[in-house]
Each structure stands twice: as C-alpha cells, then as structure tokens.
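Beneath this line is the structure, given in structure tokens, with notes to follow.
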Amino acid sequence: MIEVWTWPTPNGHKVHIALEELALPYTVVPVNIGKGDQFKPDFLAINPNHRIPAIVDTDGPGGQRVTLFESAAILIYLSEKTGGRLIPSDPIDRYACLQWMMFQMGGVGPMFGQYNHFANYAVAKIPYAIERYGNEVKRLHRVLDKRLTEAEWLAGREYSMADIITFPWIRNPDRRNVDLGDYPHLKRWHDAIAARPAVQRGVAVLAENQRRGPMTDAERDVMFGRTQFEPR
C-alpha cells in the first residue's frame, strides 16, 4: 500500500491522477499546508523540503520501504513500479516524455505559481511582477499549444506521465487570466484529459478542502515563509 502525503493542489493532483490511472492502491494522508502541517516532524521525516506531495511505499524494490518527494520523481517511480506504464517504451517517445515532464517542473509550475502568488495572494499588488509572470504564463501556453499542433499528446503518440504532470496546472485557466479558447490545440488536449474517469477521480481527492475565498493572514504567513514551524 502506498501512502500519499498530499493536499488538493496541482502538484498533489499529479500524483493522485497517476495512481488512479495505474490502478495502484493507496491511502491519503492529508497535509494541510495552510495550517502548517508540512512543518510537522512526521512529514519532515519524509520530505525535509516541507513541500507536498510525498509518498511512502512499504513495498518498494526488494520489498524495502521507500520514501520519495518531488512530483516528477514520484511519477517516474510509479511508472517503473508498474513495469514502465505511462512512460513510452519507444526510446524517442520516452525521451520526449521525460523532456516535457522537466518542462513542467522547470517552467510551467514555477512560472504559473509565481503569477498566482503575485496576482491572487500577495497583499501588495506589484504591476511589474504581475505583468512579468503573466507574460511568461502566456508564452508557456503558446509553447504547449504549438507542441500539440504536432502531436496528439505531449510525448507524441501516447498519453503519458508528461500529460499527467502538466494537466493540473492547465486546469482552472481563469486563475491565470487565460482563455483556453485562445490556444485551441491545448484546449483540445485539456478537454480530452479532463474527460478521463481516472483523472476525475484524481482531482476529486480531498476536493472538499479546496481553497474557496481569500487567503487568511495566518495562512499567508505559513505558506509564504513569515511563520516557520521547526521540529523540536
């Protein structure tokens, strides 16, 4: 059984979706990042970087217990655990899959996250920051849209971990002041993934805890570093 230490964010959704697509049994350990659960000793023992998601697999390679953090590493692990599923076996498509996974980790996630912070969470609205990250968000949408003019899926011919890792960040485009209709190939891809039953189950995990309404000052302090919880 795999334990998933998680919260309903795009990074958490990646792992939920992958587990559902692979039909792997798992249990959910909620980590309420607004209340500082990510700084508790039991979570820091799994991820010293205090970020969700993380997993504990009691039946890892050779029957050993495995703990793992960083969502891309987790998705690669889950693929290998199931004999390479959701990462193409063809070498060219495999490297394309890994390439687009890294594109999400190095570009989409950080840039979208910074836009979300400055546009939606920051108390002081800094026009330069909002414009800078807003422009980058749109540029990355254009990159994805262009790729999807060339192939049905990000890795090429197969639905893969590259799609799973990217999809949660493309959901809810209104949060980024984006109209997916401006990116028709990306919208086609998004809608096809959103219709998958496993994806719908994955994004439903902990959905009752999804943020609704403005962030409180206490949550802001915890999530953005003014309040630090250190283990005793």
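General remarks:
- For region 11-27, backbone phi angles converted through the Karplus equation (6.51, -1.76, 1.60; θ = phi - 60°) give residue-by-residue couplings of 5, x, 4, 3, 6, 4, 5, 4, 4, 5, 4, 8, 6, 8, x, 8, 10 Hz, Gly and Pro being listed as x.
- Most fluctuating residue given options Ile17, Ile52, Ile92, as computed from a GNM of the chain linking Cα atoms under 10 Å: Ile92
- When the helices of the chain are scored as -39500 (n - 2.57) per DSSP H run of n ≥ 4 and the total is divided over every residue, the value at 222 nm lands at -14000 deg cm²/dmol.
- Straight-distance crosslink candidates among lysines, where the alpha carbon sits under 18 Å from Lys146 and sequence neighbours closer than 8 are dropped: Lys138, Lys187
- Straight-line cross-link reach from Lys81 at under 27 Å between alpha-carbon atoms covers these lysines, not counting any fewer than eight positions away in the same chain: Lys14.
- Summing Cβ point charges (Lys, Arg +1; Asp, Glu -1) relative to the Cα centre of region 91-200 gives a dipole of roughly 200 debye.
- Residues in region 172-181 carry Karplus couplings, in order, of 6, x, 4, 5, 10, 6, 10, 10, 4, x Hz; the curve used is 6.51 cos²θ - 1.76 cosθ + 1.60 with θ = phi - 60°, and Gly or Pro positions show x.
Every number here is computed from the coordinates shown, using simple stated rules; none is lab data. Small disclaimer: the values here were computed from a predicted structure and weren't measured. When we count neighbours, we look across all protein chains shown, and the Cβ atoms used for this are built from the backbone with ideal geometry, even at glycine.
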